Each structure stands twice: as structure tokens, then as C-alpha cells.
Amino acid sequence: MNMRKGSREQFLEIVNAHTALRDAGKKYDPAMVKMALDIKEGRLQLADAAYYSIKRSGGKANINMFETQDAKEIGVTNVTQTKLPKDRLFLCNRIILLAGMLEGEVPTNDSEWKKAIKMANFDSIKKIAGLQNGVFTLMANKKLIIDERPMQEFITDNNSTINLGTYYLENPRFIRDDEEFEFTIELGEDAPDKSMIKVVLGGTSTIPA
């Protein structure tokens, strides 16, 4: 049985591969070599990391989960202006997508929506009409990482080996701190009025040692 590689192992494999390329006299990324040396010599360490955002999806067919006007707020998002914290290099190897429905009346302003989001329970997107039939796109460092992949990927309800709503990237990619990143959802029809969506980008990040 093949065991899935963890994001830490994947991170080290990628940065160390550039050191091997350098030593072999081949083309390599100097920034990746420096990263490998900083980790080896204890200037940086690796930590589990997750960057998340919760958005109101009701009445929308196109949802931008990370936006330039966003500010870090516990229970809503830990990303500010679509960028990672300074001096972070993040390897995203999985995405978790869940959805929920608001209980009670639809809030009339952003403040009330944020309160509702902080109290919401999230579950499989399969339980919200129309969500599983859309597509999602991830872009970072001005490059496409995932291009219009079916939302069906997040329906793991009957798979006991994968956490609910989790999609593992076939090609894990780095997200750098100095570039904006985007996670967008496109639906065939507007999502139900009281619906909310939560996305989590999971993986491994550098932090100061």
C-alpha cells in the first residue's frame, strides 16, 4: 500500500533537489538553494500551516475566496490582502472546501454576516444545491496552479481515508509571500441565498527558527 507523502517531505524534496542540481552543474533556482541551506543550518524551520477564508456565497455564481480588501480576523480569514505573512514560503499540497447554510434571517450588512459566519457549522458541499457542479481555480505567483477543476473533487463523504472535503494536489506548488494568490469558484447558477463557503489551503511553511 502506497503511503501519501506529507507536505513537509514534499517541501524538503523540492528545495533539496535544487541543491543537487547546483552541485551537478545544472540549471537551478538560487532562492531554493538558499532556502535549503537556511533550513539545514537552522536559520529557518518548517511548520504546518493553513490559510483559510470564509465567504458568503448566497446569490453569487462567481466567488472570490481571497480578496484584496480582506483583513485578518479570527473566524473569518487569516489572510490579509491576498498575501501570505512576510518571509513565508508555503507549499500547498491540499485544499479543504466545506459549505454551510445560515440559520435565521439573512443579515443586511457585513458586520452581521461576519457574526453569522463565526457561528456557522460547515459540512460537505454536497448538501448545498449546485455547489458540486461548479469549478474551482487556484492561481499564485501569477501562474495557474489549478485550472477549472470540478468541485466534485471535494466530495469525499464516503471515503474514510480522506478528511471531509479534502482535495490533494497532484502537483503541490509553492506560494510566495510577495505575490497575491487567488482561489475562485464558478457555478452554473447563483448559490442559495443563505449559503456560505469555507476554503482552507493546507501544507507546510517556513518560519524563523
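The values are calculated or read from the model by the stated rules, or taken from the named source; none is laboratory data. Fair warning: this is a prediction, and the values are worked out from it, not measured in the lab. For neighbour counting, all protein chains shown are included, and Cβ atoms are generated from backbone atoms with ideal geometry for every residue, glycine included.
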| Breaking point among (1) farther than 30 Å from Glu13 by Cβ; (2) surrounded by fewer than 20 Cβ atoms within 10 Å (Cβ to Cβ); (3) among the aliphatic types (A, V, I, L, M), for Ala47 | (1)
| field | Residue, nearest to Ala61 (Cα to Cα), within the range 144-171, restricted to residues that are among the charged types (D, E, K, R) and touching a residue at least 24 places away in the same chain (Cβ under 8 Å) | value | Glu148
| message | If Thr80 meets every condition in (1) under 23 Å from Leu187 (Cα atoms); (2) among the polar types (S, T, N, Q); (3) surrounded by fewer than 18 Cβ atoms within 10 Å (Cβ to Cβ) apart from one, which number is that one? | response | (1)
| note | Going through (1) within 25 Å of Gln152 (Cα to Cα); (2) at pLDDT 95 or above one by one, Leu102 fails only at (2)
| said: Condition first: closer than 30 Å to Asp157 by Cβ and either in contact (Cβ under 8 Å) with a residue 40 or more places away in the chain or out of contact with any helix residue (DSSP H, G or I) (no Cβ under 7 Å at 6 or more places or on another chain) (or both). Can you find one or more residues in the range 32-43 that meet it? | reply: no
| message | If I filter the range 178-190 down to residues being under 14 Å from the mean Cα position of the chain (by Cα) and not aromatic (Phe, Trp, Tyr), which single residue comes out as surrounded by the most Cβ atoms within 10 Å (Cβ to Cβ)? | response | Ile185
| query | Which one is surrounded by the fewest Cβ atoms within 10 Å (Cβ to Cβ), of the residues in the range 158-177 that are in contact with a helix residue (DSSP H, G or I) (Cβ under 6 Å, 6 or more places away or on another chain) and of a type outside the set (Phe, Trp, Tyr)? | reply | Pro172
